Amino acid sequence: MKLIRKLLLANVLALLTVLGLTSALAQPAPPVVASQPAAVPPPPVNGPLPATVLAWDSELKSIDANEGDEAGHLFFSFTNVSTSDVVIQNVHPGCGCTTAQVPANWVIPPGTNGTIPVTINLHGKTGTLFKNLTVTTDKGVKMLNFRVNVLPVPMPVMTAADRTNNLKIAMTDRQAVFHGDCATCHLKQGEGKYGKALYDADCGICHEGEHRASMVPDLHNLKVPTSPEFWHTWITHGKPLSLMPAFCGADGGPLSDMQISSLIVYLNFAIPPKPTP
Ligand code: HEC
Ligand code: HEC
């Protein structure tokens, strides 16, 4: 087999000829060799990768996304629980809509961890998608599965009476949106979310609302200059004596510092800062 790999490295065409003539050698060459002629990877093992070699955080993952999201992201993490190096030769997604970024011929020393970042293109997708990745190593092959639930984002329907009543409550306590029944729409949707998804849930509900009250400004057409500090101040403290609630925990809001940071990053990108007039 060593000789064959040498031949292969020297000239892939020559190997194909050898394979064609020699029936005993009629084994498909690992594609990674052809695309990475500089490295000499150990031969792949076609059997299943034993659980005693790589331990995975999960072999079946599930993520939620919203209709209209361009992409979904997830990670598979593993630990080399064996006593020798494992070489991940390639990670092959089961469909063209998925990409997995890993180094070529990735050597995982014993006792160390690695993470495979996976991106799935969700453009125009709805419903539940089932996908997989095939991880080929020098100790065997592992199949990882994941599911993406692409959820519709329904805008809640309210009567005019509901709105009037909600407004009245919020006028006496702008933090009321995070409590009681209000939380179903104004807080729960954003739990555990970051960035755009969090904006859509927690801010968009008021600021992008089709039927929103006239005192709720359009954040995309502000008259004032914006900046990360601007977003930070408004999100953290809101505005006393208005309907704009405070979102940071210290002010009675529901968001963690990390969630607030993710909103600032998103808003500064989605609504580019205007120069100071
Ligand atoms: C309950 C409805 C509501 C929610 C939820 C809400 N806002 Fe507001 N927001 C308002 C209202 C009303 C005002 C106008 C306050 C005023 O000046 O009287 C406002 C004002 C603002 C302003 C100031 C705009 C200007 O004119 O300078 C910013 C910035 C802002 N909101 C960002 C956000 C962000 C970001 C979120 C999500 C973290 C959010 N808001 C969530 C109702 C809301
Ligand atoms: C069924 C989901 C839902 C519930 C429950 C809900 N809201 Fe809202 N809220 C919305 C939506 C959607 C908007 C955006 C404007 C619209 O469509 O009326 C909004 C807007 C607001 C606004 C901005 C002013 C406006 O009318 O545009 C305030 C303030 C507010 N809600 C307060 C509350 C309070 C206080 C409660 C609880 C007493 C509450 N909401 C319960 C969905 C809800």
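The table for this structure:
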{"item": "Positions within the stretch 85-114 being surrounded by 13 or more Cβ atoms within 10 Å (Cβ to Cβ) and polar (S, T, N, Q), in sequence order", "result": "Gln89, Asn90, Thr98, Thr99, Asn105"}
{"item": "Residue among Ala160, Ala71 that is under 30 Å from Leu243 (Cα atoms) and not basic (Lys, Arg)", "result": "Ala160"}
{"item": "Sole exception among (1) among the β-branched types (Val, Ile, Thr); (2) within 8 Å of ligand 1 (Cβ to nearest atom); (3) out of contact with any Phe, Trp or Tyr (no Cβ under 8 Å at 6 or more places or on another chain) for Val224, by number", "result": "(3)"}
{"item": "Total residues in the stretch 209-244, condition more than 8 Å from ligand 2 (Cβ to nearest atom) and outside any helix (DSSP H, G or I)", "result": "15"}
{"item": "So Ile235, is it closer than 22 Å to Val150 by Cα and near ligand 1 (Cβ under 7 Å from one of its atoms)", "result": "no"}
{"item": "Residue list for the stretch 84-114, filter: among the hydrophobic types (A, V, I, L, M, F, W, C) and either at positive phi or not in a loop (DSSP other than H, G, I, E, B) (or both)", "result": "Val86, Val87, Ile88, Val91, Ala100, Trp106, Val107, Ile108"}
{"item": "Long-range neighbours under 9 Å by Cβ, at least six apart or interchain, first residue over 20 Å from Ser261 (Cβ atoms) within the stretch 180-209, second of a type in the set (S, T, N, Q) and more than 10 Å from ligand 1 (Cβ to nearest atom)", "result": "Ile205/Gln189"}
{"item": "Meets criteria (more than 7 Å from ligand 1 (Cβ to nearest atom), of a type in the set (Ser, Thr, Tyr) and modelled with pLDDT of 95 or more) for Ser214", "result": "no"}
{"item": "When residues of the stretch 169-188 are limited to those that are in a helix (DSSP H, G or I) and away from ligand 1 (no atom under 11 Å from the Cβ), the one surrounded by the fewest Cβ atoms within 10 Å (Cβ to Cβ)", "result": "Thr172"}
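Residues are listed down the side, and each one gets a yes or a no for (1) buried (at least 17 other Cβ atoms within 10 Å of the Cβ); (2) in a strand (DSSP E or B); (3) at pLDDT 90 or above:
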site: Ile116; (1), (2), (3): yes, yes, yes
site: Lys125; (1), (2), (3): yes, no, no
site: Leu129; (1), (2), (3): yes, yes, yes
site: Thr134; (1), (2), (3): no, yes, yes
site: Lys142; (1), (2), (3): yes, yes, yes
site: Pro156; (1), (2), (3): no, no, no
site: Asp162; (1), (2), (3): no, no, yes
site: Leu167; (1), (2), (3): no, no, yes
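The values are calculated or read from the model by the stated rules, or taken from the named source; none is laboratory data. In this text the structure is predicted, and so the values were computed from the model without any measurement. No Cβ is skipped: glycine too gets one built from the backbone with ideal geometry, and neighbour counts run over all protein chains shown.
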